[in-house]
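This report concerns only the one structure given below.
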Amino acid sequence: MIEIIQTYWVYFLVGQYPNGPLGGLALTVLLAALALLLALPLGIVLGLARISPFRVIRWPVTVIVYVVRGVPLLMVIFWAYFFLPSVTGHKTDQFSTMLIALVLFDGVYLAEIVRAGILGIPKGQFESARTLGLGYWRTMQLVILPQALRHMLPSLVNQFIATIKATSLGYIIGLTEVSFIAAQINTQVFTHATEVYGLLALTYFVLCFGLSRFAYWLEQRLARRVAHLQPLKATA
């Protein structure tokens with residue numbers, strides 16, 4: 001494994017960059033981060049729609065969320081890769097296709113995270129804001145949503161971990177993410193498949209385990225903050 005790392009570590013990390021397109025681990029992390037960043041506004045909008053008091057908004061969004069969550073990500077990638085070009089008349093590249101699929105998939109999962117975060121806020125917060133004259137949407141914007149987003153941070157990190165692992169499905173459309181690069185390295189060193197894919201597994205483990213510990217640290221910090229504020233609220 002040491003010999004493979006010494007020979008292919010640059011290719012494993014960044015692909016052919018700067019003499020070609022970015023790939024490898026750098027592309028995996030970039031794709032996952034960009035997908036989560038773009039999916040967050042979509043998830044917030046869908047999450048707010050899921051708890052909207054207006055059925056004309058809530059019901060269609062609920063159907064969309066359940067449909068997308070009810071199919072595997074692989075099918076969403078196929079839809080984006082084969083269906084969108086037939087509708088738009090323009091063929092998207094592998095990176096754009098995978099990004100669209102991940103944004104849609106992450107968006108509906110983030111919608112449920114947002115919905116759970118909002119429903120976890122005590123009802124007294126909402127009622128207090130309404131007594132101050134704030135409307136429904138202003139209450140959500142200024143009072144409820146900021147608190148919910150803070151509590152959602154560990155879940156967002158966990159979703160980022162899931163997105164990193166989901167990027168490996170880009171292999172089927174030829175996206176040069178880290179698992180695709182590992183497969184290419186394996187074709188050059190046929191007798192070291194165990195070492196190549198062991199290195200790939202170790203890379204995913206280190207990255208995802210580190211992020212999971214970060215999510216745990218965030219969760220513990222938020223729990224300590226809530227426990228610290230509760231006596232202050234009681235005395236007030």
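Structure data summary
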{"read-out": "Region 1-129 - percent of accessible surface contributed by carbon and sulfur, probe 1.4 Å", "value": "71"}
{"read-out": "Accessible area expressed per residue, region 97-236, with surrounding protein chains retained (probe 1.4 Å, Å²)", "value": "54"}
{"read-out": "Cα lying deepest toward the dipole's positive end in the chain, options 135, 176, 41, charges on Cβ", "value": "135"}
{"read-out": "Rounded to the nearest 20 debye, dipole of region 105-151 from Cβ charges on Lys, Arg, Asp, Glu", "value": "180"}
{"read-out": "Cα centroid separation, region 83-116 to region 7-42 (Å)", "value": "17"}
{"read-out": "Rounded to 10°, Cα long-axis angle of helix 178-188 versus longest principal axis of the chain", "value": "10"}
{"read-out": "Spin-label model distance (nm) - residue 134 vs residue 150, 7 Å beyond Cα toward Cβ", "value": "1.3"}
{"read-out": "Selection from 222, 154, 67, by position along the positive dipole direction of the chain (Cβ)", "value": "222"}
{"read-out": "Semi-axis lengths (Å, descending) of the ellipsoid that matches the C-alpha gyration tensor of region 96-176", "value": "35, 12, 8"}
{"read-out": "Shape box of the chain [Cα atoms, principal axes, largest first, Å]", "value": "70, 47, 30"}
{"read-out": "Tilt relative to the chain, helix 24-50 - C-alpha long axis, 0 to 90 degrees, to 10", "value": "30"}
{"read-out": "Rounded to whole Å, sorted largest first: equivalent-ellipsoid semi-axes of region 1-46, Cα gyration tensor", "value": "32, 12, 4"}
{"read-out": "Potential extension, residue 62-residue 202 segment - 0.36 nm per residue separation minus Cα distance", "value": "46.6 nm"}
{"read-out": "In degrees, nearest ten, helix 193-235 long axis to first principal axis of the chain (Cα)", "value": "10"}
{"read-out": "Check: region 114-193 dipole with +1 on Lys, Arg Cβ and -1 on Asp, Glu Cβ, in debye", "value": "360"}
{"read-out": "Dipole moment magnitude, nearest 20 debye, the chain about Cα centre, only Lys, Arg, Asp, Glu C-beta charged", "value": "1260"}
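The values are calculated or read from the model by the stated rules, or taken from the named source; none is laboratory data. None of these values were measured; they are calculated from a predicted model. Heads up, the Cβs are rebuilt from the backbone with ideal geometry, glycines too, and the neighbour counts pull from every protein chain shown. Each accessible area value is taken on the protein alone, full model and side chains, heavy atoms only, with ligands, DNA and RNA left out. Shrake-Rupley method; radii C 1.70, N 1.55, O 1.52, S 1.80 Å.
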